[in-house]
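Everything below concerns the one structure shown next.
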Amino acid sequence: QDSAKTPTPESIKAITSQVDGAYIKANTATSNNWPTIGLDYAETRFSKLNQITSDNVKGLGLVWTYNLESSRGVEATPVIVDGIMYQTAPWSVVHAIEARTGKRIWTFDPEVNRELGYRGCCDVVNRGVALYKGKVFVAAYDGRLIALDAATGKKVWEKDTLIDHEHSYTITGAPRVFNGKVVIGQGGAEYGARGYVTAYDAESGNQLWRWFTVPGDPSKPFEDESMEKAAKTWDPAGQYWLNGGGGTPWDTITFDPELNLVYVGTGNGSPWNRNVRSPAGGDNLYLASIVALNADTGKYAWHYQETPGDHWDYTSTQPMILADISIDGAPRKVILHAPKNGFFFVIDRTNGKFISAKNFVDVNWATGYDANGRPVEVPAARGDAAYDSIPGPYGAHNWHPMSFNPQTGLVYLPAQNVPLNLIPEKKFKQNAATPGKFGGATGWNVGFVLNGEPPKSLPFGRLVAWDPVRQKEAWRVEYPSPWNGGTLTTAGNLVFQGTADGRFVAYDATTGKTLWETPTGTGVVAAASTYMLDGVQYVSIAVGWGGVYGMAQRATERQSPGTVYTFALNSKAPLPEFVKYQTEGLLQGVKYDPKDVPEGTALYVAACATCHGVPGVDKGGNVRNLGYVPAEEIANLKNIVFKGPFRDKGMPDFTGKLTEADVVKIQAFIQGTADAIRPKK
Ligand SMILES: O=C(O)c1cc(C(=O)O)c2c(n1)C(=O)C(=O)c1cc(C(=O)O)[nH]c1-2
Ligand SMILES: [Ca+2]
């Protein structure tokens with residue numbers, strides 16, 4: 001390459017210090033750069049670039065790859081300005097990469113204590129950085145918000161954003177920056193947590209405002225009027241504040257420069273089960289809602305609740321898109337949103353008024369929405385009996401970003417069903433770690449027994465092209481597995497998506513026809529970005545299988561490290577050599593007493609199942625399945641469970657949480673299960 005173009009700290013400083021609100025707005029006119037994870041403040045993920053088109057995309061080839069040296073889920077979209085790329089990896093590690101060559105500029109590891117991996121429900125992922133006036137902002141898994149010098153990767157400031165360290169708070173989301181403020185939420189509502197968003201001064205890190213998503217302890221004063229209003233929709237008999245109530249805004253927070261509002265997508269109830277959280281019922285504001293806040297003050301402006309009285313982990317944290325579209329002949333400023341609950345929403349973003357909602361997959365909890373924007377519920381969905389939740393808690397759409405192409409008028413949406421059965425827990429206790437309760441030993445406490453009966457719904461993964469005006473599917477692509485990547489759409493009439501089975505694919509945006517694809521080193525969950533550099537259009541995607549579904553499941557036999565791939569027309573770099581998934585045969589020969597299996601089952605469900613899945617039945621995702629590890633490891637399980645060797649990979653130390661006798665029972669369950677499923681000769 002032209003050495004004049006090799007980035008130096010001075011040149012990176014000059015480039016990145018230009019990035020502010022005006023820059024991001026100006027870039028929307030050209031899409032030459034990709035300065036925020038969603039491309040623009042509206043987070044359309046629609047690029048105006050059209051060098052790569054549906055006619056020539058078959059000539060797309062690899063330019064370079066960059067090894068993120070990670071094994072867990074990679075969820076961040078690459079951010080690129082003038083040849084400098086910022087990408088995050090698992091454990092909130094930031095990489096600055098030369099976009100021309102794929103060479104490393106710097107990396108920053110916030111050194112999150114790996115033993116705290118279990119404090120998050122859903123893999124030790126990170127959804128990306130925000131770039132603003134020469135600084136890169138990243139939220140660390142352990143709750144710190146960190147500002148880095150974009151040129152050097154050196155820390156400028158760091159703030160602990162957590163209100164306490166007793167509840168199991170973590171951060172996986174990307175911060176958003178606007179008007180000199182950096183805003184971040186957090187996760188934790190599977191464990192007991194109270195959600196909030198906080199704005200910090202981008203220069204100094206000083207806290208500017210904070211807004212809680214749900215009311216707190218009623219014996220204390222309300223933080224603001226919105227909390228006073230919300231408290232009326234909760235039943236204090238549930239003592240929800242002990243568990244936090246939930247509403248954790250763990251992903252989308254979208255800034256609207258035109259209306260000076262910030263839209264926050266709030267999370268599920270904590271615990272999930274409303275019958276124990278708020279026994280008399282109620283909407284439980286502001287769970288599972290879109291809430292608009294004044295961007296300057298953080299003051300509540302309006303809300304629309306997508307799932308009143310959430311009962312199924314139906315978060316509304318899924319990425320939203322701000323669009324100006326014509327409905328019934330009138331121009332409307334809307335939010336396009338597809339939360340976990342399976343309905344596609346069009347909301348007026350000037351006032352939060354419901355415009356329309358339609359299910360984009362089959363659902364069984366509601367038959368539709370009435371004219372006032374309330375769901376018409378199916379009573380069995382809140383009953384006392386075992387219930388096949390469709391969508392299940394993995395959502396009909398999870399965090400994987402969708403995109404909106406104004407040329408086709410279509411939204412490209414990664415949809416799915418992951419079957420799950422919910423049995424209401426009869427003797428729920430706040431913050432209790434009961435054997436038999438999924439994740440109980442590591443703090444999960446949702447008020448349901450999961451898969452106590454085998455779910456009967458069928459899994460699927462699907463790319464849906466959705467017309468938000470007609471509320472109708474235009475086309476679809478079926479996949480062999482749920483949990484496919486986010487989407488990118490372009491003026492070249494293209495949709496790009498990575499897949500769970502390890503491919504990166506380009507589709508015709510109008511018809512859904514497959515135009516090009518390449519294999520990738522592992523399953524893809526993140527979304528791609530595209531940008532111009534020296535007159536050439538590039539497409540980059542970060543590949544790394546994981547997230548909540550990807551810890552225990554897999555859909556490809558490839559298991560390469562997290563890797564950024566960059567493509568351009570007529571480029572022919574060879575693909576890297578892929579790493580094959582290594583597995584021992586089905587576990588055999590560990591001695592156990594069959595009488596220990598029932599108790600071992602309950603202990604395994606509480607301590608191991610969240611990450612390791614079902615031994616032998618699941619095949620292992622980015623965390624190994626214990627039915628396919630060397631027999632010596634299971635025979636010596638206590639050496640792994642107590643102060644064990646995998647603590648630096650995210651495994652908790654179970655000292656004080658399990659006893660040696662418990663571990664013997666868990667061994668019995670693991671080997672017993674492997675023996676039970678072994679084909680009989
Ligand atoms: O309630 C929460 O606080 C919370 C947090 C997170 C997270 O921070 O990643 C997820 C979820 N919930 C969740 O329900 C979920 O399905 C999920 C998937 C993922 C992922 O990254 O794959 N995170 C989360
Ligand atoms: Ca959740």
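The values are calculated or read from the model by the stated rules, or taken from the named source; none is laboratory data. On a predicted model such as this, the values are computed, not experimentally measured, just so you know. Glycine also receives a Cβ, built like all others from the backbone with ideal geometry; neighbour counts cover every protein chain displayed. SASA here: full protein model, heavy atoms, side chains in, ligands and nucleic acids out. Shrake-Rupley method; radii C 1.70, N 1.55, O 1.52, S 1.80 Å.
Odds and ends about this structure:
- Label-point separation in nm, ASP201 to GLU111, each point 7 Å along Cα→Cβ: 2.8
- In terms of distances greater than 29 angstrom between alpha carbons, the cross-link table entries LYS358/LYS437; LYS340/LYS665; LYS5/LYS135; LYS429/LYS591; LYS437/LYS591 yield LYS358/LYS437; LYS340/LYS665; LYS429/LYS591.
- From phi via Karplus (6.51, -1.76, 1.60), per-residue ³J(HN,Hα) for the stretch 602-611 in Hz, x at Gly/Pro: 4, 5, 4, 4, 6, 10, 10, 5, 3, 9
- Under-5 Å amide H pairs with ARG194, H placed in peptide plane, nonlocal only: GLY246
- Gap separating the Cα centres of the stretch 462-537 and the stretch 606-628, nearest whole Å: 30
- Cα-based Rg / Dmax (Å) for the chain: 23.8, 72
- For the stretch 268-309, Kirkwood radius (reciprocal of mean inverse C-alpha pair distance, Å): 11.2
- Fully extended contour minus Cα-Cα distance, from ARG470 to LYS220, at 0.36 nm per residue: 85.3 nm
- Estimated at 0.36 nm per residue, the fully extended path between HIS165 and GLN18 surpasses their Cα-Cα distance by 49.2 nm.
- Note on surface exposure: LYS456, LYS155, LYS5, LYS13 rank LYS456, LYS13, LYS155, LYS5 by accessible area, highest first, 1.4 Å probe.
- Mean projected area (nm²) of the alpha-carbon convex hull when the stretch 363-481 is viewed from all directions: 9.7
- Amide hydrogen neighbours beyond the local backbone of ILE390, cut-off 5 Å, H modeled: ASN364, TRP365
- Per-residue surface analysis assigns GLU203 an accessible area of about 120 Å², computed on protein heavy atoms at 1.4 Å probe radius.
- Cα pair count fraction exceeding 18 Å, expressed as % - the stretch 607-657: 28
- Stretched out straight at 0.36 nm per residue, the stretch from THR434 to ASN56 would grow longer than its current Cα-Cα span by 130.3 nm.
- Our coupling estimate for the stretch 234-249, obtained by passing each phi through the Karplus curve with A = 6.51, B = -1.76, C = 1.60 and θ = phi - 60°, is 10, 9, x, 4, x, 6, 4, 5, 5, 9, x, x, x, x, 4, x Hz, Gly and Pro reported as x.
- Euclidean distance of C-alpha centroids, the stretch 395-431 and the stretch 296-363, integer Å: 14
- PHE344 - accessible surface, heavy atoms, 1.4 Å probe, Å² rounded to 10: 0
- Sequence ranges 304-311, 278-285, 207-214, ranked by mean other-Cβ count within 10 angstrom, highest first: 304-311, 207-214, 278-285
- Rounded D (µm²/s) - the stretch 401-448, Kirkwood Rh over Cα pairs, Stokes-Einstein at 25 °C, 0.890 mPa s: 174
- Theoretical FRET efficiency, 1/(1+(r/R0)^6), r = Cβ-Cβ of GLN239 and GLU453, R0 45 Å, to 0.05: 0.95
- Relative contact order of the stretch 1-130: 22 percent, from C-alpha pairs under 8 Å at least 6 residues apart in sequence.
- Annotation: amide H-H contacts under 5 Å for ALA301 (H modelled 1.01 Å from N, sequence separation of 5 or more, or interchain): ALA292, LEU293, ASN294.
- Backbone geometry of the stretch 182-195 corresponds, through the Karplus equation with coefficients 6.51, -1.76 and 1.60 at θ = phi - 60°, to 3J(HN,Hα) couplings of 10, 10, 8, x, 5, x, x, 6, 7, 10, x, 6, 10, x Hz, x marking Gly and Pro.
- Taking label positions 7 Å along the Cα-Cβ direction at both ALA4 and GLU228, the computed distance is 6.5 nm, reported to one decimal.
- The stretch 266-381 - Debye-derived log10 I(q)/I(0), Cα point model, q = 0.23 Å⁻¹: -1.41
- Theoretical FRET efficiency, 1/(1+(r/R0)^6), r = Cβ-Cβ of GLU377 and THR583, R0 45 Å, to 0.05: 0.55
- Distance between the modelled labels on ILE677 and LYS572, one decimal in nanometres: 4.5 nm (7 Å Cα→Cβ projection).
- Förster-model FRET efficiency, 51 Å R0, THR28 and ASN639, C-beta, rounded to 0.05: 0.35
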